[in-house]
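Enquirer: One structure coming up, written as structure tokens, with questions to follow.
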Amino acid sequence: MAKDYAGIAKSILKHIGGEKNVAHLEHCSTRLRFSVADPTKVDKDGLKAIAGVMGVIFNGNQCQVVIGNDVIEAYDELMKLGSFTGEGAVPVTAEKRSIGAAVLDFLVGVFQPLVPAIAGAGILKALLSLLTLIGVMETTDAWYTVLYNGADAALYFLPLMVAVTMSTKLKCNRLVALGAVGALILPGMTTAITEGLTLFGFTVQNIAYSYQVFPAILTVALLYFVEKWVTKISPKPIRVFFVPMICFLIVVPVSLLILGPLGYNIGQVLTTVILFLYDKLGWLAVGLLAALLPLMVSMGMHKALLPYAVSSISEMGEELLYMPASLAHNISEGGACFAVALKTKDTELRSTAISAGISAIFGITEPALYGVTLQHKRVLYGVMAGSFLSGTIIGLTGLKAFVAMGPGLAGMAMFVDVNNSMNIVWGFVGFAAAVVFSFVATMILFKDGEIVEAKAPEAAEGEEAVTSPLDGKLIDLSEVKDEVFSAGILGEGMAIIPEKGELYAPADAVVDTVFDSKHAISLVSDGGAEILLHVGIDTVKLEGKYFEPQVSKGDKVKAGQLLMKFDLNAIKKEGYDVVTPVIVTNASDYRLTKATGGAVKAGSPIIRLANKEEQA
């Protein structure tokens, strides 16, 4: 059945705080990346409960919503819903965010957009190397020359691409940034530097800035401050040319004398530190990193390794730690998912595991990580075990990567080494080891039926609790396939997919109505909350068949008291959706706190109600 991308997008926008709370929206291969103006308006639990959302990572004013392989379709629908300028909300100040969160946000914003171009170019170069290695093509062929240089351009002009992403992140003039950084790699400038260019009596350090990352970052950072300063002091009639002119006048010389060499040395130091750790820990470093990657990816922390990987490959032409460890982790996610698919009796989980496993084998791990691994802790242990063992083997072989991308079956050419034909062989050995080890570990550890339990909302003094009236799976109201409920027309609440046909009172209350069709009961709690329990969608058409109310209008009931019996299997066989909304119809009088989605037992708190008048 086709997914309702428009509905998913609408629900996401609602729980992200609305159009005016989104300052910026972009996507990567599996995630929607929101920059929000006011984080307090984001309903994290509501986002997690949306059907089609695999996970949510919230850090500062950055909110990543993991969608999986359908991310482009969801993104396209979201872009139809608003302009996303963040107008109307209070921006987050730097003081409200930790330094770590701000740095990670910056690194992701600058480096993440570079990955597709770098990966595409790198894989093309790797394929060309493979073709020459097996004798299909010669390096002197015209097609080789054209394709190799076409691919190499994305790496040669890496400083210019960094200038674009950096200036976009800092919101300074992108074309001036391109010009300032481009000055460092102009053939004329390169020749002058090589011949001993001097400025203010100082000789410019002889550095080739093509393929470099950090010199461009520092250059654009200086441009940002210079541009702001000059814009303030410049007369408005001449700003259009005066501001860029002064920026070039200041930024280019300072970059050549100070920032360019400093950035070059930062890249050298970063690579040296990583290689030092690799030398000290050896093969164990790859295994340990691979085992930690499931946790790092779930928190978005793996992006902190991108600058090192990009810098290492652009400067040294190879990378020994992050990409090899990622190969072990990515393929282990796939192997573990295949084990779950084989072992589980849950048809929905099996379908998810097969799809996510295939994606992981091809290098996209988020569907597996959020759809299966993090939902079942024993699968997580299987993935970590498989990652460590296969990562250790990969470390022992000294596998080298030549492209910065998520390793997978389609991108194994990233391990082609024209100087060592065994490198790609070791890559496939590690691939096979990851599949086998994670599959076996997960088959041993995984227990079918283990699911994540719903997390009750935190209790506060004076709040009224609404408990689950059913045993089953708790979901967000937006997932109910009836707009009367999902759009909140009747009020706010949650919904439960029942496991058995027994409906219990969610609070101490008085029965207000037992509907003639017997499929729904309304209550008024002792605290004044008006609660509607509606068993199934469109079940009014059954005209009371399969429903046996145990109470009548006016009855006083206690929380947990049986209200109704119903024949769950018979209702399903009739073709009805048995999802049961629990609606607070006078929700406007309260501030609601809801539980997270997951397995829930009757009597567990799913909603807490704080009276608005009392709070005021």
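Enquirer: Inspect all residues belonging to the stretch 562-584 and state whether any of them is closer than 23 Å to Gly528 by Cβ and of a type in the set (Lys, Arg).
Expert: No - not one qualifying residue is present in the stretch 562-584.
Enquirer: Give me the pairs, please: first residue somewhere in the stretch 121-145 and aromatic (Phe, Trp, Tyr), second residue anywhere and open to solvent by 30 Å² or more (accessible area, probe 1.4 Å) and part of a helix (DSSP H, G or I), beta-carbon distance under 9 Å, and either six or more positions apart or on two chains.
Expert: Tyr144/Leu131; Tyr144/Thr132
Enquirer: To continue, here is another question. Can you confirm whether Gly179 is over 24 Å from Ser312 (Cβ atoms) and open to solvent by less than 50 Å² (accessible area, probe 1.4 Å)?
Expert: In short, yes.
Enquirer: Another one. Of all residues being under 21 Å from Asp482 (Cα atoms) and among the acidic types (Asp, Glu) in the stretch 527-584, which is surrounded by the most Cβ atoms within 10 Å (Cβ to Cβ)? Just the residue, please.
Expert: If we take residues in the stretch 527-584 being under 21 Å from Asp482 (Cα atoms) and among the acidic types (Asp, Glu), then Glu530 is surrounded by the most Cβ atoms within 10 Å (Cβ to Cβ).
Enquirer: Now for a different question. If a residue has to be over 13 Å from Ile12 (Cα atoms) and out of contact with any helix residue (DSSP H, G or I) (no Cβ under 8 Å at 6 or more places or on another chain) to count, how many in the stretch 40-77 make the cut?
Expert: Total satisfying the criteria: 2.
Enquirer: Residues that are touching a Leu at 6+ places or on another chain (Cβ under 9 Å) and in contact (Cβ under 8 Å) with a residue 60 or more places away in the chain: does the stretch 531-541 have at least one?
Expert: For the stretch 531-541, residues touching a Leu at 6+ places or on another chain (Cβ under 9 Å) and in contact (Cβ under 8 Å) with a residue 60 or more places away in the chain: present.
Enquirer: Condition test on Phe437, is it farther than 30 Å from Leu124 by Cβ, part of a helix (DSSP H, G or I), open to solvent by 50 Å² or more (accessible area, probe 1.4 Å) and among the aromatic types (Phe, Trp, Tyr)?
Expert: Considered against the rule, which asks whether it is farther than 30 Å from Leu124 by Cβ, part of a helix (DSSP H, G or I), open to solvent by 50 Å² or more (accessible area, probe 1.4 Å) and among the aromatic types (Phe, Trp, Tyr), Phe437 comes out as yes.
Enquirer: Now for a different question. Search the stretch 167-186 for residues that are within 16 Å of Gly109 (Cα to Cα) and pair each with any residue that is open to solvent by 10 Å² or more (accessible area, probe 1.4 Å) and outside any helix (DSSP H, G or I) when their beta-carbon atoms are under 8 Å apart and the residues are at least 6 apart or on different chains.
Expert: Close Cβ pairs satisfying both conditions: Ser167/Asn173.
Enquirer: State all residues of the stretch 468-484 that are assigned to a strand (DSSP E or B) and either surrounded by fewer than 21 Cβ atoms within 10 Å (Cβ to Cβ) or at pLDDT 90 or above (or both); if no residue qualifies, say none. Let's see the steps before the verdict.
Expert: In the first step, residues of the stretch 468-484 are kept if they are assigned to a strand (DSSP E or B); the result is 472-476.
If the condition is that a residue be assigned to a strand (DSSP E or B) and either surrounded by fewer than 21 Cβ atoms within 10 Å (Cβ to Cβ) or at pLDDT 90 or above (or both), then Lys473 is the only one that fits.
Enquirer: Name the one entry in Val578, Val510, Val557, Val514 that is more than 31 Å from the chain's Cα centre (by Cα) and either under 29 Å from Lys14 (Cβ atoms) or among the small types (Gly, Ala, Ser) (or both).
Expert: Among Val578, Val510, Val557, Val514, only Val578 is more than 31 Å from the chain's Cα centre (by Cα) and either under 29 Å from Lys14 (Cβ atoms) or among the small types (Gly, Ala, Ser) (or both).
Enquirer: Filtering the stretch 215-247 down to residues that are more than 38 Å from the chain's Cα centre (by Cα) and under 23 Å from Val204 (Cα atoms), which residue is surrounded by the most Cβ atoms within 10 Å (Cβ to Cβ)?
Expert: Among residues in the stretch 215-247 that are more than 38 Å from the chain's Cα centre (by Cα) and under 23 Å from Val204 (Cα atoms), the one surrounded by the most Cβ atoms within 10 Å (Cβ to Cβ) is Ile246.
Enquirer: A follow-up question, please. If only one of Ala465, Ala434 is in contact with a Ser or Thr (Cβ under 8 Å, 6 or more places away or on another chain) and modelled with pLDDT of 85 or more, which one is it? Talk me through it step by step, then tell me what you get.
Expert: Working: Ala465 fails: in contact with a Ser or Thr (Cβ under 8 Å, 6 or more places away or on another chain).
Result: Ala434 is the single residue among Ala465, Ala434 that is in contact with a Ser or Thr (Cβ under 8 Å, 6 or more places away or on another chain) and modelled with pLDDT of 85 or more.
Enquirer: Report yes if some residue within the stretch 135-154 is open to solvent by less than 60 Å² (accessible area, probe 1.4 Å), within 23 Å of the chain's Cα centre (by Cα) and under 21 Å from Gly263 (Cα atoms); otherwise report no.
Expert: Within the stretch 135-154, not a single residue is open to solvent by less than 60 Å² (accessible area, probe 1.4 Å), within 23 Å of the chain's Cα centre (by Cα) and under 21 Å from Gly263 (Cα atoms).
Enquirer: Let me ask another. When only residues in the stretch 495-509 that are in a strand (DSSP E or B) and either closer than 11 Å to Ile531 by Cβ or open to solvent by 60 Å² or more (accessible area, probe 1.4 Å) (or both) count, which is modelled with the lowest pLDDT?
Expert: Step by step, filter the stretch 495-509, then rank; the result is Ile497.
Enquirer: Here is a further query. Considering only residues of the stretch 339-363 that are hydrophobic (A, V, I, L, M, F, W, C) and surrounded by fewer than 23 Cβ atoms within 10 Å (Cβ to Cβ), which is nearest to Pro307 (Cα to Cα)? Please lay out each step first, then the result.
Expert: Within the stretch 339-363, the first condition is being hydrophobic (A, V, I, L, M, F, W, C), and the residues that meet it are 339-342, 349, 353-354, 356, 358, 360-362.
Next cut, surrounded by fewer than 23 Cβ atoms within 10 Å (Cβ to Cβ) only: 341-342, 349, 354, 358, 362.
Values: Ala341: 36, Leu342: 39, Leu349: 36, Ile354: 33, Ile358: 28, Phe362: 23 Å.
So the residue we want is Phe362.
Enquirer: Next question. Looking for something within 30 Å of Pro407 (Cα to Cα), hydrophobic (A, V, I, L, M, F, W, C), open to solvent by 40 Å² or more (accessible area, probe 1.4 Å) and modelled with pLDDT of 90 or more - is there at least one such residue anywhere in the stretch 444-453?
Expert: yes
Enquirer: Looking at Ile394, Ile354 in this structure, which one is in a helix (DSSP H, G or I) and over 21 Å from Thr30 (Cβ atoms)?
Expert: Ile394
Enquirer: Could I ask something else about it? So is Leu542 aliphatic (A, V, I, L, M) and touching a strand residue (DSSP E or B) at 6+ places or on another chain (Cβ under 6 Å) or not?
Expert: No.
Enquirer: Here's a follow-up. List every residue pair whose Cβ atoms sit under 9 Å apart, with the two residues 6 or more apart in sequence or on different chains, where the first one lies in the stretch 193-205 and is loosely packed, with under 10 Cβ neighbours inside 10 Å and the second, anywhere, is hydroxyl-bearing (Ser, Thr, Tyr).
Expert: Gly196/Thr203
Enquirer: Being at pLDDT 85 or above and either under 30 Å from Pro307 (Cα atoms) or out of contact with any helix residue (DSSP H, G or I) (no Cβ under 6 Å at 6 or more places or on another chain) (or both): is that true of Lys80 here?
Expert: Yes, satisfied.
Enquirer: Considering only the stretch 364-383, state which residues are part of a helix (DSSP H, G or I) and open to solvent by less than 50 Å² (accessible area, probe 1.4 Å).
Expert: Residues of the stretch 364-383 part of a helix (DSSP H, G or I): 366-371, 373-375, 377-383.
Scanning the stretch 364-383 gives Glu366, Pro367, Ala368, Leu369, Tyr370, Gly371, Thr373, Val379, Leu380, Gly382, Val383.
Enquirer: For residues that are open to solvent by 60 Å² or more (accessible area, probe 1.4 Å) and of a type in the set (S, T, N, Q), scanning just the stretch 259-289, find the one that is nearest to Asn206 (Cα to Cα).
Expert: Asn265
Residues are listed down the side, and each one gets a yes or a no for (1) open to solvent by less than 10 Å² (accessible area, probe 1.4 Å); (2) farther than 21 Å from Gly109 by Cβ:
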position: Ala23; (1), (2): no, no
position: Glu26; (1), (2): no, no
position: Arg31; (1), (2): yes, no
position: Thr40; (1), (2): no, yes
position: Asp45; (1), (2): no, yes
position: Lys48; (1), (2): no, yes
position: Gly52; (1), (2): no, yes
position: Cys63; (1), (2): yes, no
position: Ala74; (1), (2): yes, no
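The values are calculated or read from the model by the stated rules, or taken from the named source; none is laboratory data. Worth saying up front: this structure is predicted, and the values here are computed from it rather than measured. Glycine gets a Cβ as well: all are built from the backbone with ideal geometry, and neighbour counts include every protein chain shown. Quick note on the areas: whole protein, heavy atoms, side chains included, nothing else; ligands and nucleic acids left out. Shrake-Rupley method; radii C 1.70, N 1.55, O 1.52, S 1.80 Å.
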